[in-house]
Amino acid sequence: MKKHLLFLGPPGAGKGTQAALLCKKKDLIHLSTGDLLRAEVNAQTPLGLEAAAIMNKGELVSDKLVLSIVEKKLSILSEGWLLDGFPRNLLQAKALEALLEKLKQPIEAVVLLELNDDQLIKRLLSRGRNDDNEQVIRHRLEVYKEKTSPLIDYYNKQGLIKSIQAEGDIEAIASRIEKSIS
Ligand code: AMP
């Protein structure tokens, strides 16, 4: 069983739900940069105040800010972990690689959740988060395609990608994921 994992995929593919399920079952630490950022926003920290406006527009928060959060968290973990929603672009992926080399904890698999745009939009609209109105959703999908999807090729070249069809019920998807990383 692999214990150093990334979850990759467009907004609405179910990364958060599936990551939480897998972490509970396999005793991994779930690190979601979206959740960590939302916690900063709710606590109205300086970092949260800086991030909120950007998140509500569906843009990516600055690499520097996100990297500082992830570095702080990863450096104190020795157990298995799952990164959800990070990295979001090539710069973040390269920074992560350097950090993990230092920590001697290389990525063992990248789970890619795939779903078509119509279904993504339907799911996101039913979720009702602050950044889930239709205009912002469409923008987030564009940002994903432009900035994040090049990571598929990047990790494919390293032989790490496990493609999962993210359609159907939650349990069925969860079992596909488990098999892919066993
Ligand atoms: P998520 O919960 O993963 O959908 O993230 C919600 C929002 O948080 C995104 O639309 C971005 O504004 C911000 N965010 C989360 N993770 C990152 C990241 N790795 N880099 C930049 N921005 C991020």
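The values are calculated or read from the model by the stated rules, or taken from the named source; none is laboratory data. Note that this is a predicted model, so its numbers are computed, not measured. FYI the Cβ positions are ideal-geometry reconstructions off the backbone, even for glycines, and counts take in every protein chain you see. Each accessible area value is taken on the protein alone, full model and side chains, heavy atoms only, with ligands, DNA and RNA left out. Shrake-Rupley method; radii C 1.70, N 1.55, O 1.52, S 1.80 Å.
When region 121-132 is filtered for residues that are in a loop (DSSP other than H, G, I, E, B), open to solvent by 20 Å² or more (accessible area, probe 1.4 Å) and not basic (K, R), the ones remaining, listed by number, are S126, G128, N130. Taken over region 82-120, residues that are surrounded by fewer than 19 Cβ atoms within 10 Å (Cβ to Cβ), touching a helix residue (DSSP H, G or I) at 6+ places or on another chain (Cβ under 8 Å) and of a type in the set (D, E, K, R) amount to 1.
Among the candidates K179, K162, single out the residue that is among the charged types (D, E, K, R) and touching a Ser or Thr at 6+ places or on another chain (Cβ under 7 Å). Please lay out each step first, then the result.
Working: K179 fails: touching a Ser or Thr at 6+ places or on another chain (Cβ under 7 Å).
Testing whether each residue is among the charged types (D, E, K, R) and touching a Ser or Thr at 6+ places or on another chain (Cβ under 7 Å) leaves just K162.
Restrict the check to region 140-162 and report whether at least one residue is under 24 Å from K25 (Cβ atoms), assigned to a loop (DSSP other than H, G, I, E, B) and either modelled with pLDDT of 95 or more or open to solvent by less than 50 Å² (accessible area, probe 1.4 Å) (or both). Yes; the residues of region 140-162 include at least one that is under 24 Å from K25 (Cβ atoms), assigned to a loop (DSSP other than H, G, I, E, B) and either modelled with pLDDT of 95 or more or open to solvent by less than 50 Å² (accessible area, probe 1.4 Å) (or both). Can you tell me which residue is farthest from the ligand (Cβ to nearest atom) among those in region 56-81 that are touching a residue at least 60 places away in the same chain (Cβ under 8 Å) and open to solvent by less than 10 Å² (accessible area, probe 1.4 Å)? The selected residue is G80.
Within region 29-50, restricting attention to residues that are hydrophobic (A, V, I, L, M, F, W, C) and open to solvent by less than 40 Å² (accessible area, probe 1.4 Å), which residue is farthest from the ligand (Cβ to nearest atom)? Per the stated criteria, the residue is L31.
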